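The values are calculated or read from the model by the stated rules, or taken from the named source; none is laboratory data. Computed from a prediction, not measured in an experiment: that's the story for all the values here. No Cβ is skipped: glycine too gets one built from the backbone with ideal geometry, and neighbour counts run over all protein chains shown. Accessible surface areas use protein heavy atoms only, side chains included; no ligands, DNA or RNA. Shrake-Rupley method; radii C 1.70, N 1.55, O 1.52, S 1.80 Å.
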Amino acid sequence: MQNIEKNRALTWYQTMVTIRDFENIIDEKNRAGFLYGTTHLYNGQEAIATAICDLLSSEDMILSTHRNHGHAIAKGTKTYPMFAEIFGKKTGTNGGHGGSMHISDTSVGNFGGNGIVGGNYPVALGLAQALKMDGSERIVVCFSGDGSTNEGTFHESLNLASIWKLPIIFVVENNQYAMSSDASVMIAGSISERAKNYNMSAYKVDGQDVFAVHDVFIQARQDVKSGPVLIEAVTYRFKGHSRSDSEQYRTPDEFFNWEDPIKKLREALIADYDVSSEEIALIDEKIYRHLSSEAEQALTDEDASSPIDIWKAVYSD
């Protein structure tokens, strides 16, 4: 922790709280009937996206999953158009056509979420191959969940990425559950160990510790100069898979086995950076008020174009 400046640690805290509050507001609006479809929340995993995206430039590229809000915010996508997108408004990041699972913003290198489990792996290959052909120093970070590591695209993409020595860092966020399936009975062996079969560097890190993720990603960024890298970030999904998830597959006391990454960072700020609890309370209040105001305003924006115009979001003119 002593290697991280106070302002940087505070920025991490602000980003993580923004992600948490954004999603809590979305969850409230969803349950109140203001959203079409569902949402998949990142609650509990905020330290991973925050630490990693902080070490990326706006020109580095990320790819996400159906659980993509945290990655988008950490990479720099503005929250107002994200609210609008999820509410199906024209002012959304994707004109209201993509919704919660498909938020993208190429201006900051956010190439979007993906509703197909494992569907982002082949796209990451294409982006990374293009960067390599251009002789670029930029990299691709492909975020995924533990459930995707049993998909064929995971193994095929790691294999090809290694053969071609592509500048990709695969970040597997092992949040312990693929929908309602416990990872311990769905995945044989270790996710991080699988990378060794494809001759690539691999790391396993505590995903609840923003400092630990930061340190590991610095090393991974060095390693990726020689070829792809895999990071398994061990984390815990605080919310259900989606709104319809009754969570009967896990017990309430499970939560006590996992640290809240925001609480952990808050305690570090107070203990190691001489930040008062009053200062933190003001930060919390400011972020929540700002996001609440954005959400209410976004709800009043014009709805996305009628179904007859839907093909405009699929085919180029």
- prompt: What pairs in K6/K225; K89/K312; K264/K286; K6/K75; K78/K204 have C-alpha atoms more than 22 Å from each other?
  reply: K6/K225; K78/K204
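Classify region 24-86: rounded, prolate or oblate, from the alpha-carbon gyration tensor (a ≥ b ≥ c, eigenvalue square roots; a/c under 1.5 rounded; otherwise prolate if a/b is larger than b/c)? Provide the component values of the computation, followed by the final result.
Values: a/c = 2.49, a/b = 1.90, b/c = 1.31.
The shape class here is prolate.
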message: Given points 7 Å out from each Cα along the Cα-Cβ axis, report the S316 to E247 separation in nanometres with one decimal.
response: 4.4
statement: Between D309 and T38, the two model label points (7 Å from Cα along the beta-carbon direction) sit apart by a distance in nm of 3.0
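From the P(r) of region 114-206, can you give the percent of Cα pairs sitting at distances over 20 Å?
Working: 1443 of 4278 pairs.
Percent of Cα pairs beyond 20 Å in region 114-206: 34.
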message: Please compute the modelled spin-label separation between E285 and F255, points set 7 Å along Cα→Cβ, answer in nm with one decimal.
response: 2.5
- prompt: Which one of N199, L10, G96 has its Cα pushed farthest toward the positive end of the charge dipole of the chain, where Lys and Arg give +1 and Asp and Glu give -1 at the Cβ?
  reply: N199
statement: Taking F111, F211, F34 and ranking on accessible area (1.4 Å, protein atoms only), highest first, one gets F34, F111, F211
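Percent of accessible area on the chain owned by carbon and sulfur, 1.4 Å probe?
After summing per-atom areas, the C and S share lands at 51 percent.
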message: Can you tell me how region 183-230 classifies by the Cα gyration tensor, rounded, prolate or oblate, using a/c under 1.5 as the rounded cut?
response: oblate
query: How much of T38 can a 1.4 Å solvent probe reach, expressed as accessible area in Å² and rounded to 10?
result: 50
task: Heavy atoms only, probe 1.4 angstrom, no DNA, RNA or ligands counted: give me L282, L269, L10 ranked by accessible area, highest first.
output: L282, L10, L269
- request: Could you tell me the distance between the Cα centroids of region 113-186 and region 260-287, to the nearest Å?
  value: 33
query: Shape call for region 6-299 from the C-alpha gyration tensor, a ≥ b ≥ c root eigenvalues: rounded (a/c under 1.5), prolate (a/b greater than b/c) or oblate?
result: rounded
task: Pick out, in residue order, every one of the GluC sites (Glu not before Pro) in region 1-101 that is DSSP loop and has at most 16 other C-beta atoms within 10 Å; say none if there are none.
output: E5, E59
